[in-house]
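Data first, discussion second: the structure below is written as C-alpha cells.
Bear in mind these aren't lab numbers, they're just calculated from the coordinates by the rules spelled out. A quick note: this is a predicted structure, and the numbers were derived from the prediction, not measured. We place every Cβ from the backbone using ideal geometry, glycine too, and count neighbours over all the protein chains shown.
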Ligand code: UT7
C-alpha cells in the first residue's frame, strides 16, 4: 500500500539573514559560507511561535488538498525546536486547523523527522481503514537554539514550516528507517539542566560536551562523515526492498544540510546532481522542515510532476537516517 500526497503547504518567516549579516558577529565571510556549504541566506523566525508556523503551513496544505479539516483522522508533527515540552505541538495544530476528529502526537527524529512521520502515517493508513487523511507537519525555529558565537554551526540553520496531507493509494511505496545512537553526542541541544544538578551532587558527567541549556552543539566534521554515508544508505535500504535503482528515480529530495554532502551522496549513488532538489541556498538547513519544504517548493514550481518517482532521503541528530521512495 502506498500514499498519495493530496496537498502541500509551507510557512516562512519574512526576516532573512544573509551570509554578510553573520560577519557582524562572527569571524566569517560570504565566500566561506557559500563555498563550504552552498548556503546564501536563510529565514529567521521573529514573533512567530513554532506552533504558529506549523499551523499556518498545515492550513495551506489542507486548503491545497481541498478536504475538510474534520475529515483528518491523524496529525503528526515533527520538531526538534518546539515551544513546549507539553502539550504536543500536534494538539495545538489540531485546534488551529479545526481538525477536531484527529488523533494527535509529535515525533522527534531531528532532520529525519519528516520521513519518519510519513512512514508512520502510511502504516496507520494501512492498519486503520476508518482513517482517511493524515496531516503531517514539520516546524522549526533553529535560530532560537543555535549558538550565535559558534561560527561553524550558526551559519547553517534556518527557520520555517512545511506540511502535507496524505491518503492511501495503490502506488509504489518503499521505505527504511534507521538510527545510530552511538552518535547522540555529536549533535544535540539540552532541554533541562539535570546533567548539571546531578554532576554537582554525584560527580556525574553525562559525556555531552556542551553543558549550556538550549545551545545547539555539533561536531561538524563527524556529522559530515556520517551524512555522506547515511544518504546513500537510506536510499539503498529502501530501494533494495522493491528492486529499485537510482536510474528509476526522477527526483531525489535530500535533507538540505550542505550542498557538498548532497554532491558526495549523488556521486556515491551514481546519480547526476541535476536529479537532486537543492533549496538550501535560500533556506539553509531547516532540520525536519527541509525535505517537505523542498518537496512543496518543487511541486509548486511544477518541477515535480504527477507520476514521477521520488526518493526522500534524510539524516540528522540521533543520529538518524531515513528513506522513502514513492510515486507522486
Ligand atoms: O542537519 C544537521 C546536520 N549537520 C550537518 O550536516 C553539518 C555537517 N558538517 C558540515 O556541513 C561541515 O562540517 C561544516 C559546514 C560544519 C564545516 O565545514 P568544513 O569544511 O568541515 O570545515 P572544518 O570544520 O573542517 O573547518 C575548516 C576551517 C577551520 O579553521 P582552521 O582550523 O582550519 O583554521 C574552521 O575554524 O574553517 C573554519 N571555519 C570557518 N571559517 C569561516 C568554520 N566555520 C567557519 C565559518 N567561517 N563560518
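Taking segment 189-285 and the helices (runs of 4 or more DSSP H) fully enclosed by it, the elements with 2 or more residues that are without any contact (Cβ under 8 Å) to a residue 60 or more places away in the chain and surrounded by fewer than 18 Cβ atoms within 10 Å (Cβ to Cβ) are at 194-202, 220-240, 259-269. Restricted to segment 31-50, and to residues that are touching a helix residue (DSSP H, G or I) at 6+ places or on another chain (Cβ under 6 Å) and within 10 Å of the ligand (Cβ to nearest atom), which residue is farthest from residue 256 (Cα to Cα)? My answer is 33. State whether one or more residues within segment 51-73 are touching a residue at least 24 places away in the same chain (Cβ under 8 Å), within 16 Å of the ligand (Cβ to nearest atom) and closer than 27 Å to residue 284 by Cα. No, the conditions are met nowhere in segment 51-73. Scanning segment 290-308 for residues that are within 10 Å of residue 251 (Cβ to Cβ) and either within 16 Å of the ligand (Cβ to nearest atom) or assigned to a loop (DSSP other than H, G, I, E, B) (or both) yields a total of 5. Summed over segment 134-161, the residues that are within 15 Å of the ligand (Cβ to nearest atom) and not in a helix (DSSP H, G or I) give a count of 15.
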